[in-house]
Amino acid sequence: MSEWPEGYGRSLLEEVDSTLDEAARRAPTLTGPEWIMAKRQTKGRGRRGRAWKEPKGNFAATLVMRPDGAPEQVALRSFVASLALHDACVALCGETAGLSLKWPNDVLLNGGKLAGILLESAGAADGVSHLSIGIGVNLIETPMQEWLEPGAVWPVSLLSETGVHVTPEDFLTELAAAYDRYETQFVTYGFEPIRTAWLARAARLGEVIMARTSNSETEGTFETVDASGNLVLKTAKGRVNIPAADIFF
Ligand SMILES: O=C(O)CCCC[C@@H]1SC[C@@H]2NC(=O)N[C@@H]21
């Protein structure tokens, strides 16, 4: 098991509305980055306003920090967090060929959704006043099917796919350690090594995928992720850089 990384606070809560809401409440008085984990969330949320339910034993936590930099740079930490999630799973379950990263920030295992990330931030005059990285991982169970959007990637759990029972506490320790390593790399060398590492683990790179927003659909070959974190698709009409969408295979 890794050591808890130096400089990071840690709170373990029995129950909270959402660890993202708790992060926003704590942000104004934060003295350093802090992980807030809860055994139960009563109002967990996912991307695009979707509810996030975590059956007992799954992982729900938010890392809240006050990073320097422009909002677009700060937001690239979703890739930092995806890589950390990948490494935490490997550290706890061994090298798993079926792990991959789905743009913009899901972790897949054997093609099913294992984990999701939701970034929230608040602005300040000179950048971002705080960034919250909310992370949910299906350690033990998958959410019930009626909570799933049509066409969404089927959920899987770490237990069902690997047979390894990981506690949220152990997962947090590995995740925090892995996050710290990638955060240091990001702050020291910028996005490029993170982008390269992310692409090496990307799901469906080079394949035809569909990017869907609330008012558009774009089909094309997944070429790469650019220096701003945009999805780059080669379509019949040329190359398209997409800043935000859900992708479907
Ligand atoms: O895939 C998604 O839609 C993102 C899911 C993010 C869920 C986590 S659980 C911890 C944190 N608190 C929340 O309310 N949401 C995030």
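The values are calculated or read from the model by the stated rules, or taken from the named source; none is laboratory data. Remember, it's a predicted structure, so these values are computed and weren't measured experimentally. Positions of Cβ are backbone-derived with ideal geometry, glycine not excepted, and every protein chain shown enters the neighbour counts. For accessibility, only protein heavy atoms count, side chains too; no ligands or nucleic acids. Shrake-Rupley method; radii C 1.70, N 1.55, O 1.52, S 1.80 Å.
Before we move on, is CYS93 crowded, with 24+ Cβ neighbours inside 10 Å and under 20 Å from LEU158 (Cβ atoms)? No, not satisfied.
Applying the criterion of at least 1 residues that are among the β-branched types (Val, Ile, Thr) and open to solvent by 50 Å² or more (accessible area, probe 1.4 Å) to the helices (runs of 4 or more DSSP H) found wholly in the range 134-205 leaves 168-189, 192-200. When you look at LEU30, is it touching a residue at least 40 places away in the same chain (Cβ under 8 Å) and either outside the structural domain of GLU161 (by TED's automatic domain parsing) or open to solvent by 10 Å² or more (accessible area, probe 1.4 Å) (or both), yes or no? Spelling it out, LEU30 is indeed touching a residue at least 40 places away in the same chain (Cβ under 8 Å) and either outside the structural domain of GLU161 (by TED's automatic domain parsing) or open to solvent by 10 Å² or more (accessible area, probe 1.4 Å) (or both). Taking into account only those residues within the range 1-27 that are farther than 14 Å from ILE135 by Cα, surrounded by 15 or more Cβ atoms within 10 Å (Cβ to Cβ) and of a type in the set (D, E, K, R), which is nearest to the chain's Cα centre (by Cα)? Applying the filter and picking the extreme gives ARG10. Among the residues making up the range 212-238, those that are modelled with pLDDT of 95 or more, within 20 Å of the chain's Cα centre (by Cα) and either assigned by TED's automatic domain parsing to the domain that holds GLY151 or over 24 Å from VAL90 (Cβ atoms) (or both) are ASP226, ALA227, SER228, ASN230, LEU231, VAL232. Contact map, the range 182-208: residues that are on the phi > 0 side of the Ramachandran plot paired with residues that are part of a helix (DSSP H, G or I), Cβ distance under 9 Å, separation 6+ or inter-chain. Pairs shown: GLY190/GLN73.
Here VAL240 passes the criteria (1) surrounded by 20 or more Cβ atoms within 10 Å (Cβ to Cβ); (2) not in a loop (DSSP other than H, G, I, E, B) except the one numbered (1). Taking the range 50-66 as the range and being farther than 24 Å from ALA152 by Cα and more than 17 Å from the chain's Cα centre (by Cα) as the test, only ARG66 passes. Please work out if LEU85 is within 18 Å of VAL166 (Cα to Cα), of a type outside the set (Lys, Arg) and at pLDDT 95 or above. Here the answer is yes, as LEU85 does meet what is asked. Among helices (runs of 4 or more DSSP H) entirely within the range 1-117, having at least 2 residues that are away from the ligand (no atom under 15 Å from the Cβ) singles out 71-74, 77-93.
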